[in-house]
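The values are calculated or read from the model by the stated rules, or taken from the named source; none is laboratory data. Note that the structure is predicted; figures quoted are calculated from it, not measured. Here the Cβ positions follow ideal geometry from the backbone for every residue, glycine too, while neighbour counts run over all protein chains shown.
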């Protein structure tokens, strides 16, 4: 091992935080295997690297014994005492057996170990970085699609978006920068694997936290989210501060905040409704943009029977029942909608 490699070990310790002594021990262990592989030895050997000069030596370890039967593993008392005066049966004595060309092997092996340890250290750092970001938003560049999977370049690593986490109506193009929700980070034999999502409701929550300071600061609270990714999302918000309009805070001046979020979601519709601890008011709010005439709550069956003006029925139900379905998921109540003409114009 030459001075250049010793300098490289010091640089790694300083720049990557990899303990130099750990690297020395890893190289010594790898050199034992290299020695046995190249010289066909079955001896017990130890490889030592001088920490200052980088000189590498190989030592055969032999057990002192009275009657030697295997010279590769055993040594007589007389021969052992030439190396270690006072050696007794059972002691282990080392004899240097460094091959002439072992310096070249040592240098090659050291480089391999260093490269491997750098890779392992970088994988560890990447895992630590992204495991702490699970449930957060990251920005990445769409790289490629393959067998239904989408691969995203996050800079230091490549992430995967599974088909179940994709939005069917979205066309993500290679080279496009997009925001993603970090679903999970796993350790694998090939390094950390980051799994992303564009369909997770958590993406909505984090986008609002990024765009609405009142939510980030806790002045406005997101109470619930119901999402059909790519089509429509309903989000309920609330504030303890009577001076704060939670819906207005989310919409922003001239709708700027919600427009930014809708743009990131590629035009997905957003209904922001006021949360209420009264289920009657909550269900009525949740059916926005439809106007509700009356709501009757059956607490045993958890059914909310809703009356709407006849001209609001299709709006209340929504396309293929989407509006009513999302309202039910947002509130936790089954929503049963009827037009006024079937209920005596407002009564049951």
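See the values below:
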| quantity | calculated |
| --- | --- |
| Region 14-27, residues that are part of a helix (DSSP H, G or I) and either touching a strand residue (DSSP E or B) at 6+ places or on another chain (Cβ under 8 Å) or within 15 Å of residue 122 (Cβ to Cβ) (or both) | 15, 23, 24, 27 |
| Residue in region 30-53 that is farthest from the chain's Cα centre (by Cα), counting only those that are part of a helix (DSSP H, G or I) and in contact (Cβ under 8 Å) with a residue 12 or more places away in the chain | 39 |
| Subset of region 59-105 (residues that are under 51 Å from the mean Cα position of the chain (by Cα) and farther than 17 Å from residue 45 by Cβ) | 104 |
| Strands (runs of 3 or more DSSP E) enclosed by region 231-348 - at least 2 residues per element that are outside the structural domain of residue 169 (by TED's automatic domain parsing), in contact (Cβ under 8 Å) with a residue 40 or more places away in the chain and out of contact with any helix residue (DSSP H, G or I) (no Cβ under 7 Å at 6 or more places or on another chain) | 294-298 |
| Residue list for region 120-132, restricted to those being in contact with a strand residue (DSSP E or B) (Cβ under 8 Å, 6 or more places away or on another chain) and exposed (fewer than 15 other Cβ atoms within 10 Å of the Cβ) | none |
| Selection count, region 203-239, where residues are surrounded by fewer than 16 Cβ atoms within 10 Å (Cβ to Cβ) and under 12 Å from residue 274 (Cα atoms) | 1 |
| Test result for residue 192, surrounded by 15 or more Cβ atoms within 10 Å (Cβ to Cβ) and in contact with a strand residue (DSSP E or B) (Cβ under 9 Å, 6 or more places away or on another chain) | yes |
| Qualifying residue in region 54-64 (condition: closer than 30 Å to residue 3 by Cβ, part of a loop (DSSP other than H, G, I, E, B) and modelled with pLDDT of 80 or more) | yes |
| Residue 267 surrounded by 17 or more Cβ atoms within 10 Å (Cβ to Cβ), modelled with pLDDT under 95 and at positive phi | no |
